[in-house]
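One structure is given below, encoded as structure tokens.
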Amino acid sequence: MFVRFLPVLFMILSSASMADVEADREAFRAFYAKRFSSIPVEAHVDGVYALDEAKRAQWLEMEEFPPYEFSVDDGEALYDEPFTDGSGYGDCFADGGAVKHLYPRFEGGEVVTMEVAVNQCRVQHGMESLAYDSEEMMQLTSYIAYASRDQLIDIKVPEDALPAYERGKQFYYSRRGQLNFSCSHCHMQIVGSQLRAEVLSASYGHVTHWPTYRLKWQEVGSLHRRFAECNGQVGAEALPLQSQPYRELEYFLTAIARGLLLNGPASRK
Amino acid sequence: MKKVLFLLAVVSPIVMADDINKGRELAFDRSRGNCLACHMMEGGEMPGNVAPPLIAMKTRFPERSVLREQVWDATIRNPESVMPPYGRHGVLTEEEIDQVVDFVHSL
């Protein structure tokens with residue numbers, strides 16, 4: 001009797017949990033829609049440039065000669081270069097690499113980001129993995145981001161991924177560091193205001209445009225590098241790129257951004 | 001005894017001015033107080049606008065101890081405060097907090 005109801009019970013439970021992710025997404029959209037009532041929520045894919053017109057004008061100028069262009073071109077060449085066994089990235093990724101909207105995904109009990117998937121592909125085909133901060137990794141992911149432009153983020157959070165999602169969410173809301181900030185303090189509570197001259201952007205849209213060329217870095221860098229910088233800024237420990245907590249944080253931020261337009265690579269100050 | 005009192009009377013305004021100067025330095029220094037990241041303060045350049053401007057402090061904080069508590073740990077009054085707990089997290093020493101508070105109280 002009970003066994004017969006188990007699938008039904010399971011369905012109810014899992015749909016309730018799925019609804020939680022959806023409820024979080026709705027809550028984020030509603031929060032920023034209310035905070036910035038004159039800005040469509042989708043506009044936050046441009047980060048701080050959705051909020052500050054003077055900065056936006058400078059940024060559009062920078063985008064006229066996109067500083068990430070070489071990275072995309074070099075990445076395309078790398079993407080097309082066959083592996084030693086004759087296969088290539090095309091054997092792992094569909095549509096010429098226009099797959100970023102499906103990442104991160106939850107596979108084999110862990111969050112697989114784009115960078116991790118690139119390395120999994122290489123190792124599967126007898127190649128060495130790339131360092132996550134290597135130029136080659138940034139070039140490949142620049143190309144993949146570019147090929148994936150204009151797709152809508154389309155990741156799903158299956159039942160068995162919920163604990164990872166929850167941990168990512170918890171990371172987002174936890175105070176850390178000597179200065180005692182959570183991500184939400186800067187990117188929700190005081191979003192849009194200025195820390196000295198820095199205008200704080202909305203978290204909704206934080207994941208749509210990576211990797212990104214930053215003037216401050218003078219090169220293209222990853223989302224996790226930015227996480228590390230935001231952690232460091234408040235005196236908290238910066239974690240290694242692609243460490244489990246950062247992958248889960250990215251998973252959370254991407255799940256709540258489902259439906260947003262991919263617009264990477266981008267440039268930022 | 002008389003001599004000591006006399007000395008105090010002469011010395012303490014000087015010490016005060018010195019503390020206020022040190023407090024100002026700490027408050028403006030990006031790697032120490034960095035109060036300007038969030039607060040407008042007279043004489044400070046490029047302030048943020050996260051938090052209320054620090055003006056007319058004696059009128060609004062007649063009790064120095066209330067002001068000191070805010071700097072020592074802002075989450076006592078507002079658990080969700082974004083203001084760093086300078087004392088509780090040891091961002092500034094007790095002496096430095098007193099100097100910052102003296103400076104802020106003078107605004």
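Taken together, the values in this text are just the output of simple stated rules run on the coordinates, not laboratory data. Keep in mind the model is a prediction, meaning the values are calculated, not measured. No Cβ is skipped: glycine too gets one built from the backbone with ideal geometry, and neighbour counts run over all protein chains shown.
A few points about this structure:
- Angle in degrees between helix B:2-28 and the longest Cα principal axis of chain B, rounded to the nearest 10: 20 degrees
- Taking every alpha-carbon pair within chain A, the share separated by more than 32 Å comes to 24 percent.
- Phi-derived couplings, Karplus 6.51 cos²θ - 1.76 cosθ + 1.60 at θ = phi - 60°, listed residue by residue for the stretch A:249-260: 4, 4, 4, 4, 5, 7, 4, 6, 9, 3, x, 7 Hz, with x used for Gly and Pro.
- Shielding by partners for peptide B:26-33, expressed as the average number of C-beta atoms from other protein chains within 10 Å of each residue's C-beta, is 0.
- Tail fraction, Cα-Cα pairs, the stretch A:117-269, threshold 27 Å, whole percent: 23 percent
- Amide H contacts of residue A:181: A:176, each under 5 Å away and 5 or more positions distant or on a separate chain (H built 1.01 Å from N in the peptide plane; Pro and chain starts excluded).
- Over the stretch B:18-82, relative contact order from alpha-carbon pairs under 8 Å, at least 6 apart, %: 15 percent
- Projection of the Cα convex hull of the stretch A:188-261, averaged over all directions and equal to a quarter of that hull's surface, yields 5.6 nm².
- Shape metrics for the stretch A:127-168, restricted to C-alpha atoms - Rg then Dmax, Å: 14.6, 36
- Qualifying GluC sites (Glu not before Pro) for the stretch A:91-185 [loop in DSSP, other Cβ within 10 Å: at most 16]: A:128
- Dipole check for the protein assembly as shown: with +1 at the C-beta of Lys and Arg, -1 at the C-beta of Asp and Glu, and the Cα centre as origin, the magnitude is about 1900 Debye.
- Free-standing Cys, chain A [no other Cys Cβ under 4.7 Å]: A:183, A:186, A:230
- Interchain or long-range residues, amide H under 5 Å from residue A:92's placed H: none
- Estimated purely from DSSP H runs of n ≥ 4, each contributing -39500 (n - 2.57), the mean residue ellipticity at 222 nm for the protein assembly as shown is -14500 deg cm²/dmol once divided by its residues.
- For the stretch B:18-80 versus the stretch A:176-212, the inter-centroid distance based on Cα atoms is 22 Å.
- Pair-distance distribution P(r) for the stretch A:69-147, from all Cα-Cα distances in 5 Å bins starting at 0: 3, 16, 28, 29, 18, 5, 1, 0 percent.
- For the peptide B:41-49, the mean number of other protein chain Cβ atoms found within 10 angstrom of a residue's Cβ is 3.
- Amide H within-cut-off set for residue A:111, under 5 Å, with H built and near neighbours excluded: none
- Given charges at Cβ of Lys, Arg, Asp, Glu: the stretch A:69-147 dipole, positive-most of A:71, A:123, A:106: A:106
- Our estimate of slack between residue A:131 and residue A:173, defined as 0.36 nm per intervening residue step minus the Cα-Cα distance, is 12.2 nm.
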